Amino acid sequence: MDYLVRVMSEAKNVVGLACVTTGLVEDAHRLHGTSRTASAALGRALTGGLLMGALLKRGQRVALKFEGNGPLKKIMVEADPEGTVRGFVALPQAEVPLRDEKLNVSGALGNQGLLTVFKDLGLKEPYQGVVKLLTGEIAEDIAYYYAESEQIPSAMGLGVFVNLDGRVSAAGGFFVQSLPPSEEKVVNLLLDNIRKIPTVTELLRQGKTPEDILTEVFAGVPYYSLGGRDLSFHCPCNRERIEKVLISLGAAELQKLIDEQGQAEVTCEFCRSKYDFTKGELEALRAEGKSAS
Ligand SMILES: [Zn+2]
C-alpha cells in the first residue's frame, strides 16, 4: 500500500515526486520500539531517503546520517531506487515534550549538528557531502543539502502522524527539483503553491494520494507521469554478512569474544534481527579470518 509516483514538467525542467509511507514507517516503529517523536523523526528520514533514492539509477544507493545535539543523537537511513529503505535511531526511546501541540522533531534531533549524505553511484569512491543541520526538521535539512552541496534548487515536504497509542496512521512526502535550464517563473509558481497547500500530514489525513499532492504542488505547471513504484522497509542483512563483519574484527578480537563470552549474539542495528554464534562457530570464523589474511 506504500508507493511513490514521479512526474516531469512538460518543459522538462522540473521533476516532482510524492509518496505515501504509512505502512513502512509503522513497520519501523514496531521493529525499533520508537517513542512517538522518534517515530516521526525516523519516519520523515525514511521517507526523505526514499524520495532521494528515487532519483538514482538502478544499483545505486543513498545513505543519510543525521547527527544532532538532541536526545535522539543520530538517525541513519539507507535507500535505493527500487523502493526499499532501512533505518534506525540511536536512542529510539528518547522523547521530548510537544511543541505547539505537535511532535517536536527538531527538539528531539536537535537543531545543531550535521547531515552527511553518502551516495554509492557505482564509482570507485562513494560520493559524500556534509552540511550543517538547518532546522533539524529533516525536510528542510535535505533541501538545504541539495542547495548547498549539489547546487540544485529543491523543495521537500515530509509528514508523519503518530496516534496517541504510538501507531503511525499517516506518513509521506513530496520532493520537487528544478533542472537546468530553470525558469524563474515556474520555480516561483511551485514555491507559491507549496506555501499555500496544507502540510503533508494534513493532506494525507484528508485522504489525499501522492498523485493528489503532486496535482496541488504543480497547479499551473503542465506535467506528465513517469510512473510509480511500491515502497517497503527492507533490510538486506543475513548471516553471511554478519559473519563477514565478525571476521573483519580480526582474530584477536574474536579470541577475546570466545574467551570472555564463549558465544555471541549480534543484533543488526537497522532491523533488530538477531544472529547467534556458538563458541565453535566463532572459532571457525577466527580460523577463516586467519587463512584469508
Ligand atoms: Zn538487518
*If you take the beta carbon distance between residue 249 and residue 216 as r and set R0 to 51 Å, what does 1/(1 + (r/R0)^6) give as a FRET efficiency, to the nearest 0.05?*
0.50
*asked:* Counting other C-beta atoms within 10 Å, and keeping those with at most 16, which DSSP coil trypsin sites (Lys or Arg not before Pro) do you find in the range 164-262?
replied: 167
*Dipole magnitude of the chain, debye to nearest 20 (Cβ charges: Lys/Arg +1, Asp/Glu -1, about Cα centre)*: 120 debye
*Using a cut-off of 22 Å between alpha-carbon atoms, which lysines can reach residue 256, once sequence neighbours fewer than 8 places away in the same chain are excluded?*
244, 274, 279, 290
*With a ≥ b ≥ c taken as the square roots of the eigenvalues of the C-alpha gyration tensor of the range 248-293, please select rounded if a/c is under 1.5 and otherwise prolate if a/b is larger than b/c or oblate if it is not?*
prolate
*Using a 1.4 Å probe over the heavy atoms of the protein chains, calculate the carbon and sulfur portion of the accessible area of the range 1-148 as a whole percent.*
51 percent
*Evaluate the charge dipole of the range 9-155 about its Cα centre and quote only its size in Debye, nearest 20, assuming +1 on the Cβ of each Lys and Arg and -1 on the Cβ of each Asp and Glu.*
260 debye
*Among 15, 25, 160, which one moves the most in a GNM of the chain with springs linking Cα atoms closer than 10 Å?*
15
*So, with a 1.4 angstrom probe, what is the percent of accessible area on the range 239-293 that is carbon and sulfur?*
47 percent
*When the solvent-accessible surface of protein heavy atoms is calculated with a 1.4 angstrom probe, in what order do 135, 37, 199 fall, highest first?*
199, 135, 37
_Over the chain: helical MRE at 222 nm, DSSP H runs n ≥ 4 each giving -39500 (n - 2.57), nearest 500_ = -11000 deg cm²/dmol
_C-alpha center-to-center spacing [the range 135-196, the range 84-118] in angstrom_ = 17 Å
_Translational diffusion coefficient of the chain at 4 °C, 1.567 mPa s, Stokes-Einstein with Kirkwood Rh over Cα pairs, in µm²/s as a whole number._
64 µm²/s
_the range 141-152 - phi-based ³J(HN,Hα) in whole Hz, Karplus 6.51/-1.76/1.60, Gly and Pro as x_ = 5, 5, 4, 5, 4, 4, 5, 7, 8, 10, 6, 10
*Are there cysteines in the chain with no second cysteine's Cβ under 4.7 Å away, and if so, which?*
19
*Kindly write out, for the range 18-25 in residue order, the coupling ³J(HN,Hα) from the Karplus curve 6.51 cos²θ - 1.76 cosθ + 1.60 (θ = phi - 60°), rounded to whole Hz, with x marking Gly and Pro.*
8, 8, 10, 10, 3, x, 6, 6
*Output the relative contact order of the range 218-293, whole-number percent, from Cα pairs under 8 angstrom with separation of 6+ residues.*
30 percent
*For the range 77-214, what does the alpha-carbon gyration tensor say about shape, rounded, prolate or oblate, given a ≥ b ≥ c as the root eigenvalues, a/c under 1.5 as rounded, and a/b over b/c as prolate?*
oblate
_At 1.4 Å probe size, put 144, 275 in order of accessible surface, largest to smallest._
144, 275
*Report the relative contact order of the chain, percent, no decimals, based on alpha-carbon pairs under 8 angstrom and at least 6 residues apart.*
22 percent
*When we measure straight from the Cα of residue 119, which lysines land under 20 angstrom away, once same-chain ones fewer than 8 places off are left out?*
57, 65, 74, 132
*asked:* Tell me the accessible surface of residue 134 in square angstrom (1.4 angstrom probe, heavy atoms of protein chains only), to the nearest ten.
replied: 90 Å²
*Surface per residue (accessible, 1.4 Å probe) for the chain, Å²*: 49 Å²
*Give the shape of the range 1-49 as rounded, prolate or oblate, defined through the alpha-carbon gyration tensor: a ≥ b ≥ c are the square roots of its eigenvalues, a/c under 1.5 means rounded, and otherwise the shape is prolate if a/b is larger than b/c and oblate if not.*
prolate
_Given the whole protein assembly as supplied and a 1.4 Å probe, what does the accessible area of residue 184 come to in Å², nearest 10?_
140 Å²
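The values are calculated or read from the model by the stated rules, or taken from the named source; none is laboratory data. These numbers come from a predicted model, not from an experiment. Heads up, the Cβs are rebuilt from the backbone with ideal geometry, glycines too, and the neighbour counts pull from every protein chain shown. Heads up: the accessible areas ignore ligands, DNA and RNA and are worked out on the full protein's heavy atoms, side chains in. Shrake-Rupley method; radii C 1.70, N 1.55, O 1.52, S 1.80 Å.
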